[in-house]
Amino acid sequence: MVLRPNAVTGYVVHGLINTAIESFVIGQYGSEAWKQICQRARLGHDSFESMMMYEDADTLAVLDAAFVQLGRDRDSLLEDLGTWLVTSEATQPVRRLLRFGGETFPEFLHSLCELHDRARLAMPDMSVPVFSVREYTPNTFSIRAIWVLPGFGALVLGLLRAMADDFGALVVLSLCETPAEDGEIAVTISVDMLDSAFAEGRDFVLGARQ
């Protein structure tokens, strides 16, 4: 699915988001693919600055161009991007921000309600999804998220899948995306945790490395 021009919200996007997309594409597909994507998107440049702010039209244009250039559908590419944000050595601060939410996967899920405020404390200009979490049983959850960029639900899905692996949990995730107010997008992700200790989780230390 192409992100249509009328999907542009008029919001600005923090450069960290765009540089993450840039690093992901270069790391997975090479610098030449990234240059071709920028040309296709008619950006006028082929790199982003992490501390600058950009119109969301630039972000959407890059994503549209990436879908075409890489021959990938929207959801699968964005889900891969979400997974990469957790698993890549280049984005370990993202993983640390998420892992500070708790020692188990259910604790992490509940901590998503605080993620927006925690991220804004570190980066006041950073736009991140607003989450709400409902627990139906100890193994069944519903995650609702609201943000401004169309298609972000697939990215969140990939991120949650990678975090489940990080904790060693076996989960089944399903996604539903619907319009919200003021041009925002709402997504609901159902989480069924089949086994909280299915595999050994990745090492993580809350304290700073010595």
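Values in this text are rule-based calculations from the coordinates and carry no lab data. Computed from a predicted structure; not experimentally measured. Note that each Cβ is placed from the backbone with ideal geometry, even for glycine, and that neighbours are counted across all protein chains shown.
For the pair Arg202/Glu184, report the inter-label distance in nm, with labels modelled 7 Å from Cα in the Cβ direction.
Distance between label points: 2.9 nm.
Does a label point 7 Å from the Cα of Ser50, set along Cα-to-beta-carbon, have any residues of segment 67-102 with amide nitrogen under 17 Å, and which are they?
84-98
Could you grab the relative contact order for segment 34-91? Cα pairs under 8 Å, six or more apart, rounded to a whole percent.
28 percent
Let me have the relative contact order for segment 8-72, percent, based on Cα pairs under 8 Å that are six or more residues apart.
It rounds to 46 percent for segment 8-72.
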